[in-house]
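I have placed the structure first, in the form of structure tokens, so that the comments after it can refer back to it.
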Amino acid sequence: ADKKPREARLALQRVRLQGPQSNKALLGFGWAAAELKDPQLALVPWVELAGRGSAGGADAAVLEARIAVPYAMAELRAHQSALQGYQQAADGFELEQRALTESIAAIRAGKLVQGLLAGNVEGQGARLGANLGRSGGIRTLPEMPHVAHLAPLLAGHAFQEAFKNLRDLQFLDGNLEEWQNNLAAYADMLNNRRRAFEQKLPAVRANTGAADVAALAQRREALAGALNQAQTEGDAAAFADARERGLLQRISQGAATLKAASTQKDGQSDIEGLADATERLRRAAGALQWQLSQSFSARAWEAKKALRDTDQALGQARERDAALQRAQREEPARHLHFAERIARLGGRLVAMRPAVNTVAMNVQAQLQDIAVAELQAQQERLAGYAAQARLAIAQIHDQAQFARRTDSAPAAAMR
């Protein structure tokens with residue numbers, strides 16, 4: 001504390017007992033008391049700190065407290081307690097070294113990264129895409145030996161960033177796999193459509209060919225000519241319906257019958273009967289002709305309207321026929337274009353996935369290297385603290401032997 005232990009104590013007293021800096025504050029408070037030659041006061045924070053975590057823990061302050069407590073005991077001349085404390089610390093450090101070695105082996109076997117990926121999944125499919133490039137943090141520790149060693153490591157920025165990159169790569173690989181499956185489905189859909197097109201087109205073409213568009217067009221032209229001629233000549237009979245055409249035929253047949261009968265008349269009565277029948281037939285023909293003349297304009301308009309409808313229907317038939325011919329010509333090319341595009345995209349996906357997996361493996365190796373480096377640093381700290389503990393044990397034994405020799409020398413002189 002820059003050789004200002006009193007000021008350091010005042011500052012450290014303001015640190016909360018439970019918090020991210022509490023361990024360092026407790027350790028510093030104890031050393032400030034030790035600097036003031038008050039080992040009794042130093043024991044209070046050190047005992048509290050040494051009881052936190054595992055024997056070695058992952059916190060350097062806890063490790064140091066394990067040997068600081070027996071140091072204070074030695075300063076208080078409680079050599080037996082100090083010896084026991086140093087011995088317990090050394091044994092604990094040895095156990096912790098073995099635990100760290102097991103953790104390092106588990107990390108190198110991939111258990112850490114795989115456990116983190118399995119236990120910290122934020123979503124699936126498209127929902128993962130919304131979190132791409134962002135880290136949701138590590139909330140669940142994996143099941144592996146001595147996982148408490150990893151808590152400070154997992155909270156570190158370097159590890160968090162590398163883990164976020166690995167999750168992004170995992171999402172990308174899953175996305176590429178999903179697209180591979182989609183492309184396979186698209187290829188099946190395209191094949192089904194192509195087969196359906198090949199099967200249905202001949203039947204459609206046959207049905208369309210049953211209505212000869214060219215013949216229908218010729219008939220339309222003939223009807224249009226007849227309509228124009230009837231209008232030009234004022235031929236009302238051309239627009240007669242079936243009943244009226246029947247009446248016209250009966251009148252014609254009646255006229256022919258009367259004409260034939262006029263050549264075979266025998267008496268005055270026959271002549272009068274023939275004249276009467278001829279007059280009635282003339283009147284009937286005139287009435288029918290008058291009726292046809294009255295409906296001439298309306299029926300001519302209806303005929304023109306029907307002709308326009310025929311033109312529209314023929315136009316639609318021509319369009320359908322052209323569309324079928326165009327489909328027969330262009331659809332196979334479209335199918336081929338889509339098939340080539342699907343194959344091209346599938347090839348790109350196949351090439352991309354190994355690259356993504358390679359990068360993911362490198363990032364996983366990076367994560368494992370970060371974790372192993374952190375645990376190896378803890379091992380080095382443990383080795384240093386263990387060496388200090390063994391040195392202190394040896395010093396206490398030397399002091400005890402020196403004290404025994406000193407006590408035995410006066411006794412020998414007296415004899």
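The values are calculated or read from the model by the stated rules, or taken from the named source; none is laboratory data. Everything quoted here is computed from the prediction, not taken from an experiment. Every residue, glycine as well, gets a Cβ built from its backbone with ideal geometry; the counts of neighbours run over all protein chains shown. All accessible areas refer to the heavy atoms of the entire protein, side chains included, with ligands and DNA or RNA removed. Shrake-Rupley method; radii C 1.70, N 1.55, O 1.52, S 1.80 Å.
Where does the charge balance sit around residue 70 when Lys and Arg score +1, Asp and Glu -1, over other residues with C-beta under 13 Å from its C-beta?
Neighbourhood net charge equals 0.
Report in % the part of the accessible area of the chain that belongs to carbon and sulfur, leaving out ligands and nucleic acids; probe 1.4 Å.
54 percent
Which one is right for this structure if Kirkwood radius over Cα pairs in Å is calculated from it: (1) 22.9; (2) 33.5; (3) 21.4?
Answer by label: (2).
State the Cα centre-to-centre distance between segment 346-376 and segment 29-92 in whole Å.
43 Å
In µm²/s, what is D for segment 251-392 at 4 °C and 1.567 mPa s, where D = kT/(6 pi eta Rh) by Stokes-Einstein and Rh is the Kirkwood radius from Cα pairs? Write out the running numbers ahead of the final one.
Numbers: Rh = 27.4 Å.
Estimated diffusion coefficient is 47 µm²/s.
Let me have the 222 nm mean residue ellipticity of the chain computed from DSSP H runs of 4+ only, each contributing -39500 (n - 2.57), with the sum over all residues rounded to the nearest 500. Provide the component values of the computation, followed by the final result.
Working: 13 runs with 340 residues, N = 415.
The per-residue figure over the chain is -29000 deg cm²/dmol.
Please report the relative contact order for the chain, taking Cα pairs under 8 Å with a sequence separation of at least 6, and give it as a percent rounded to a whole number.
Taking the mean separation of contacting Cα pairs over the length of the chain, I get 23 percent.
For segment 340-356, just list the computed ³J(HN,Hα) in residue order, Karplus coefficients 6.51, -1.76 and 1.60, θ = phi - 60°, integers in Hz, with x standing in for Gly and Pro.
So the Karplus estimates, Gly and Pro as x, are 5, 5, 4, 5, 5, 5, x, x, 5, 5, 4, 6, 7, 4, x, 5, 5 Hz.
Please report the net charge: other residues with Cβ closer than 13 Å to the Cβ of residue 104, K and R +1, D and E -1.
Around residue 104, the surrounding residues sum to -2.
What fraction, in whole percent, of alpha-carbon pairs in segment 222-308 exceed 14 Å separation?
70 percent
To the nearest 10 degrees, how steeply does helix 39-50 sit against the main Cα axis of the chain, on a 0 to 90 scale?
Long axis of 39-50 versus the principal axis of the chain: about 30 degrees.
Might you tell me the accessible area per residue for the chain, computed with a 1.4 Å probe and given in Å²?
63 Å²
Quick one: length gained pulling residue 276 to residue 322 fully straight, 0.36 nm per residue minus the C-alpha distance? Walk me through the intermediate numbers first.
On the way: separation 46, 0.36 × 46 = 16.56 nm, distance 6.41 nm.
This chain segment gains 10.1 nm when fully extended.
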